[in-house]
Each structure stands twice: as structure tokens, then as C-alpha cells.
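The values are calculated or read from the model by the stated rules, or taken from the named source; none is laboratory data. These numbers were taken from a predicted model, which means no experiment stands behind them. Neighbour counts run over all protein chains shown; Cβ positions are idealised from the backbone, glycine included. The protein model used for the area step is the full one, side chains on, heavy atoms only, and it has no ligands, DNA or RNA in it. Shrake-Rupley method; radii C 1.70, N 1.55, O 1.52, S 1.80 Å.
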Amino acid sequence: MKNRIAQLLANATDKLHQDGVLPEPIDSSSITIERARDNSHGDFASNLAMALAKKAKRKPRDLAEALVAALAEDEAIEKVEIAGPGFINFFLKLASLNQVIGKVLSAGSEYGRSNTGKGQRILLEYVSANPTGPLHVGHGRGAAYGSALAKLLGFAGYQVEQEYYVNDAGRQMDILATSIWLRYLEAGGAELTFPRAGYKGDYIRDLAAQLRQQHGDQFDHSSAVVFADQPEDEAHSDNDSENPSGDKEAHIDGLIGRAKQLLQENYATVHAHGKDVIVADIRQDLSEFKVEYTTWFEESSLVISGAVKRAFDQLNDAGHLYQRDGAWWFRSTTFGDQKDRVVIRENGEPTYFATDIAYHLQKLERGFDQLTDIWGSDHHGYVPRVKAAISALNQDPDRLEVLLVQFAVLYRGDQKMSMSTRSGEFVTLRELRNEVGIDATRFFYLMHKSDQHMEFDLELAKSNSNDNPVFYVQYAHARICSVLRQLADSDRKLDSVSSNYELLVEPQEQNLIALLDRFPELIENAARKHEPHTLTYYLRELANGLHSYYNAHQFLVDDEVLCCSRIELIRAVQTLLVSGLDLLAVGAPESM
RNA sequence: GCGCCCGUAGCUCAACCGGAUAGAGCACCGGCCUUCUAAGCCGGGGGUCGCAAGUUCGAGUCUUGCCGGGCGCACCA
């Protein structure tokens with residue numbers, strides 16, 4: 001409908017151009033049509049007259065008069081008015097608005113699907129948390145956002161693949177392996193002071209216990225040997241005066257080295273045990289949270305396959321690398337980064353950045369038109385260097401799009417919760433799901449714009465879960481189902497009755513019809529702008545419309561034609577409630 | 001110090017490419033169940049859109065400065 005009005009206006013501008021009112025032809029794509037916010041402004045409005053006033057050297061209202069006079073007749077339009085500073089308001093005939101009910105019912109779950117994306121291939125990478133522990137509530141937001149966005153993009157005609165990048169190489173994983181091993185030694189009776197920089201969560205003890213169960217005591221070493229000649233650890237508390245000046249990072253690195261040295265080939269067993277169990281746990285966790293990936297891509301495979309080496313060589317051959325202080329640096333400042341970055345450390349190990357360059361190159365080579373990464377906003381400073389690397393590899397940096405998700409700050413009542421994986425003090429996504437429920441958790445996350453800070457109050461989410469808007473939307477769906485059930489259980493046969501949407505003149509009915517009509521463009525915008533939260537707002541509005549209607553009017557009335565018409569309207573509403581909730585991967589229960 | 005993000009009702013958040021009188025939920029006040037689920041509906045109070053300039057027919061939205069908050073500025077990931 002929007003396009004139809006835009007076309008009418010475009011034709012009118014052509015006419016005015018020919019008549020000499022407008023100095024030059026108007027690009028029809030620049031004509032904007034808005035949905036009127038207020039009923040008194042009709043159904044659609046255009047600011048065209050105000051936008052062109054300057055160019056035409058005429059007053060907006062005069063120009064609006066001329067445009068309206070030049071408009072061709074259209075059977076869908078009831079009347080056209082000029083209002084305010086020069087808005088052109090379009091009032092549509094009921095008959096043309098009401099047609100949307102039939103459209104929704106015949107298209108069903110396909111209503112709103114578009115080809116906006118034209119089949120463009122997108123690789124959406126999200127969560128990608130280090131497999132060093134269970135996912136916490138911060139990861140949950142990225143998981144909900146990424147999975148909903150993937151569905152939205154798919155519905156808007158993009159070809160989307162979802163990927164989890166498993167960071168299974170590097171120092172953090174060594175810290176994990178060493179932490180497990182130390183807990184394993186403790187479980188075997190060793191007395192030791194657990195390193196400050198180690199992973200302290202209880203799950204580490206569980207992993208250690210499993211290790212002892214599967215491999216017995218073959219990894220045992222005396223703690224005296226393990227801790228001999230290690231750099232001092234940082235004090236475990238502020239008033240620990242015995243070792244005030246220790247370095248926790250040097251200490252843990254020393255322990256990692258000792259672990260590798262003492263365990264030899266068994267170190268890989270410990271390392272793999274931690275990774276395998278935790279990755280499996282993450283996979284299950286996300287799957288239960290309705291997050292489904294196309295691929296799980298392991299960072300270590302890039303090292304093994306030589307992709308890291310190839311990326312390094314390619315950068316080096318192009319003259320973008322140099323050596324300094326024993327390390328290899330990428331001259332990212334050439335491409336707008338604030339400083340150059342190390343890719344190969346002094347000790348010969350590639351940095352995380354080096355493997356990430358290889359990873360992004362590899363993703364581009366897999367033939368995607370667009371790489372979309374969803375990162376925690378704390379990584380925003382990392383964007384320029386990755387884009388710099390892509391440029392240096394002679395690729396278009398715009399093919400990488402990074403969406404930043406602000407962390408959800410978790411509160412338990414008034415108390416802010418820590419979310420450090422290292423300290424082991426965090427609320428897991430699983431705990432959150434179990435306490436709040438999957439549907440409510442997803443909806444709650446998705447209610448807010450992803451780049452907006454968000455407060456997640458656990459106490460509120462738990463104790464007042466009935467106040468959660470998701471129930472409000474689901475209830476609307478359940479109510480419709482209930483009405484339809486009662487109709488089916490009755491003796492009435494409406495099949496032979498044909499509906500007449502002209503009868504749907506109540507304000508609540510007109511409101512719902514307008515909402516149905518808005519759905520396709522809402523989906524298109526939500527997908528294009530990566531804003532699934534607009535869908536949650538829409539669904540609340542749609543549910544509100546239904547609840548108001550429900551309270552104001554009886555659907556199962558004696559008048560068969562009216563009854564049939566109303567039933568078809570609420571079936572259309574039901575269709576979109578299901579579609580919308582499905583795009584958010586939230587359930588639509590038939591009764592509550 | 002430099003860079004990125006954010007300041008909207010008491011609280012949590014919206015506002016389509018700059019549009020008409022800035023909207024919801026929670027909380028508060030007052031109504032509505034002999035009728036399809038009251039997990040609902042209807043009405044009411046509540047605002048210096050952080051502050052100040054600028055751009056223009058028009059600014060919560062764009063520009064600049066300031067104030068306040070978050071994050072980043074590793075041979076960690």
C-alpha cells in the first residue's frame with residue numbers, strides 16, 4: 001500500500017515537472033510515506049510537499065495543493081487531506097484495508113516473508129565464548145539476539161548460516177587445563193594453594209573428579225615438585241602480608257609450563273578432557289535455549305591446517321608485517337587502527353589476533369557475501385584491527401559487519417552480580433533458564449535494543465514472572481485458541497457462510513487490521529536494521545489489540561456472517577502471533 | 001589522556017530515512033467478571049527528551065562544546 005501511494009505521488013511530481021512547477025524530476029525512491037500515528041491524520045502521510053518546497057520555491061501548503069490536484073484517482077483511496085505545515089494525508093477505504101485479513105489467512109506462516117535479502121549469503125557468528133566454563137547470563141543475551149536475528153534474516157530472504165567459533169587454542173585453555181590438573185591433585189590428597197589466576201568454579205572440581213575416575217592416579221605429582229621454584233603468586237587477599245608483591249600471571253604461566261613438563265603427552269589428555277566436556281555442555285545448553293548452529297568451528301583447526309601460516313605469509317608478502325623486539329607485528333595503522341598489533345609473540349606463538357585473521361580470511365573464502373560477527377561491546381576496540389587485516393588481505397572490509405551487544409548487568413535485588421568466569425562467581429545461563437523459564441528469558445533479553453545497556457533483575461524476573469510481557473503475548477494466543485476450540489466443539493458450521501469484512505467497523509477491529517497490514521514492513525525493518533526488539537514491541541501491541549477487542553466484543557455472535565468475519569480476523573491475528581513468536585524462538589501455547 | 005557506546009516519566013525501556021500533541025510496561029489512583037480464560041480491559045496523574053549553542057519549514061533524532069555513566073586502549077582472549 002505504501003508503494004502504491006508512493007507511485008501515485010511520483011506520477012504527480014512528474015506531472016508538476018512537466019507543468020514547470022518543479023524545476024527538475026524527482027527521484028521516486030526519495031519519496032517517503034509514513035504510517036500516520038494519529039487516526040485523524042488518516043492512514044498514511046507524506047511529507048513530500050515540505051521536502052520539495054525549497055526546490056520549487058513555493059510554500060509547502062501551496063505545493064501540497066498542487067500535488068493533490070495532480071494525483072490520479074485510485075479506488076483504494078477514500079480521500080486526501082492537507083494538514084499541518086504541509087502533510088498530505090491519505091485516508092483509505094475500509095474495503096481495501098480489510099483485504100489484509102484474507103491475505104494473511106491465505107499466506108499463513110508465509111505472510112511477511114520477503115526477498116529483501118535476495119538470497120545473499122550471510123555467515124552469522126555469535127556467542128563464541130571460550131570453552132573455559134559454562135555460559136553465563138552475559139552470553140545469554142548474545143545467544144538470544146543472534147538466534148533471533150538469524151531467523152529474522154532468513155525470513156527476509158537472506159541465506160544465513162550460524163557459526164560458533166570455539167576458542168580452543170591459546171593461553172586461556174592452558175589455564176583451564178592446569179586448573180583442572182591442580183584440582184585433580186587436590187582430589188588425590190595433595191595440599192596446595194590454588195593459583196589466583198586459575199579458574200575457581202566448582203565445575204573445575206567436577207572435571208578433575210571425572211579425570212581421576214577415568215585415568216586413576218597416573219597424572220599425580222607431589223605438590224612440592226609442582227610448585228618448586230615458581231614465581232610468587234599474587235596475594236590472595238589484600239591483607240596477606242606474606243607475599244605482597246607476587247605476579248599472578250607469571251605464577252600461572254609457570255604452573256602451565258610445569259604441567260606440560262611433568263605430564264608430557266598426558267597434558268593433551270587433560271587439556272582435551274576440559275575442552276570436550278565444556279564444549280559438549282555449551283552445545284547442550286544452547287540447544288536447550290533454542291539456539292541452533294550450522295557449524296561449530298574450532299580455532300585449533302586453523303593452526304593444524306596451516307591457515308594461520310598462510311594468512312601470515314600473505315600479509316608478509318604484501319609487506320604489511322615487520323619484526324620488532326623479537327615479535328612479528330602487523331602494521332594495522334596503515335588501515336586506520338590506532339596502533340600496530342603483534343601477530344607472532346616473542347616466544348613464537350601466534351596471538352589470538354593472528355588466528356582470528358586466518359579465521360576471517362577463511363570465512364571470506366568460503367564464499368559468503370557478508371560476515372556478521374556479534375561481539376560483546378567490551379571487544380569494540382578490536383573491530384578496527386580485524387577490518388584492517390581484511391583490507392590488508394585485499395578484501396573489502398565492509399564485508400565484515402560487527403554487531404556489538406552490551407552486557408546485561410545482572411542484579412539480585414539491589415546487589416550487582418559479578419560475571420567473572422575466572423573467579424567462578426557468576427550466574428549461569430542454565431540457572432537463569434531454570435529459574436525464569438526459556439520463553440521468558442529469551443523474550444526478556446530480546447525486549448531491549450542490543451546496543452543498549454540492560455538491567456536484568458533476577459529477583460524480579462523470578463518472583464514476578466507473571467508480569468513478564470511474554471505471558472501477555474502468549475495469553476492472547478491462548479485466548480484465540482480457546483475461542484476456536486469452543487467454536488469447533490459447538491454445533492455451528494460456519495464453513496458454508498462467507499465472511500464480509502465490511503462488517504468489521506469497530507475501532508478495535510480497525511486497529512487490529514492496521515496491525516496486520518504493518519507486519520511485513522516491520523519484519524523487513526527489523527531484519528535490515530538488525531533489531532529484533534521491534535518485533536517484541538509489535539507483538540505486545542498486537543496482543544494488546546486482541547485483549548482490548550476480546551473485552552469489548554463477543555466473537556461468537558448469533559449473526560453468522562459477522563461471527564465468521566470476526567473469527568477470520570482473530571485467526572489472522574493468531575497467525576501473526578505464532579509467526580512473530582516463532583521468529584523469536586518463543587513458544588505459543590494453546591492454553592495457559 | 002585518546003577512542004567507541006549511552007543519558008527520554010519514580011523504575012525498566014520504545015519512538016519507522018529528521019515530522020504533526022514524545023509512547024508502553026512496572027509502580028500509584030479510580031472503575032469493569034450472571035457473557036468466548038480478570039495472566040485481561042477501560043480511565044487518571046506523572047516529562048526542562050543530561051545541559052548549551054548551531055543546522056531548517058520542522059530536532060529526542062543531525063553538528064559542535066560541556067556535564068554524567070559504561071567499555072576499550074596487552075606479546076589476554
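Filtering region A:334-344 to residues that are without any contact (Cβ under 8 Å) to a residue 24 or more places away in the chain and more than 8 Å from RNA strand B (Cβ to nearest atom) leaves only A:ASP340. Within region A:254-286, the set of residues being open to solvent by less than 30 Å² (accessible area, probe 1.4 Å) and either in a loop (DSSP other than H, G, I, E, B) or closer than 29 Å to A:VAL586 by Cα (or both) comprises A:ILE278, A:VAL279, A:ILE282, A:ASP285, A:LEU286. Considered as a group, the residues in region A:523-536 that are in a helix (DSSP H, G or I) and without any contact (Cβ under 8 Å) to a residue 40 or more places away in the chain include one that is least open to solvent (accessible area, probe 1.4 Å), and that residue is A:THR534. Flag: A:LEU123 matches the condition of being touching a Phe, Trp or Tyr at 6+ places or on another chain (Cβ under 9 Å), outside any helix (DSSP H, G or I), open to solvent by less than 10 Å² (accessible area, probe 1.4 Å) and farther than 30 Å from A:GLY348 by Cα. For A:LEU403, the requirement of being touching a His at 6+ places or on another chain (Cβ under 7 Å) and under 23 Å from A:TYR445 (Cβ atoms) is met.
To keep it simple, each residue is scored yes or no on (1) modelled with pLDDT of 95 or more; (2) buried (at least 19 other Cβ atoms within 10 Å of the Cβ).
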residue: A:GLU288; (1), (2): yes, no
residue: A:VAL291; (1), (2): yes, yes
residue: A:TRP296; (1), (2): yes, no
residue: A:SER301; (1), (2): no, no
residue: A:LEU315; (1), (2): yes, yes
residue: A:GLY326; (1), (2): no, no
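All conditions in (1) of a type outside the set (Asp, Glu); (2) within 29 Å of A:VAL308 (Cβ to Cβ); (3) open to solvent by 50 Å² or more (accessible area, probe 1.4 Å); (4) touching a strand residue (DSSP E or B) at 6+ places or on another chain (Cβ under 9 Å) hold for A:LYS200, with the sole exception of (2).
If the condition is being free of Cβ contacts under 8 Å to residues at least 12 places away in the same chain and closer than 17 Å to A:ALA143 by Cβ, then region A:257-305 contributes A:ALA280, A:GLN284, A:SER287. I'm trying to understand the selection: among the residues of region A:534-592, which are within 11 Å of RNA strand B (Cβ to nearest atom) and touching a Pro at 6+ places or on another chain (Cβ under 8 Å)? Within region A:534-592, A:THR536, A:ARG540 meet the criteria.
Quick check on region A:345-386: of everything there that is hydroxyl-bearing (Ser, Thr, Tyr) and more than 10 Å from RNA strand B (Cβ to nearest atom), which residue is nearest to the chain's Cα centre (by Cα)? Step by step, filter region A:345-386, then rank; the result is A:THR372. Of all the residues in region A:203-224, those that are part of a helix (DSSP H, G or I) and either open to solvent by 70 Å² or more (accessible area, probe 1.4 Å) or of a type outside the set (A, V, I, L, M) (or both) number 10. Looking only at residues in region A:451-479 that are at pLDDT 85 or above and more than 9 Å from RNA strand B (Cβ to nearest atom), which one is farthest from the chain's Cα centre (by Cα)? In this case the residue turns out to be A:VAL473. Residues that are of a type outside the set (Asp, Glu) and under 34 Å from the mean Cα position of the chain (by Cα) within region A:179-204 comprise A:SER179, A:ILE180, A:ALA197, A:GLY198, A:TYR199, A:LYS200, A:GLY201, A:TYR203, A:ILE204, listed in sequence order. Filtered by the rule that a residue be within 16 Å of RNA strand B (Cβ to nearest atom) and in a loop (DSSP other than H, G, I, E, B), region A:480-496 gives A:SER490, A:ASP491, A:ARG492, A:LEU494.
Among the residues of region A:16-55, those that are among the aliphatic types (A, V, I, L, M), at pLDDT 80 or above and in contact with a helix residue (DSSP H, G or I) (Cβ under 7 Å, 6 or more places away or on another chain) comprise A:LEU16, A:VAL21, A:LEU22, A:ILE31, A:ILE33, A:LEU48, A:ALA49, A:MET50, A:LEU52, A:ALA53.
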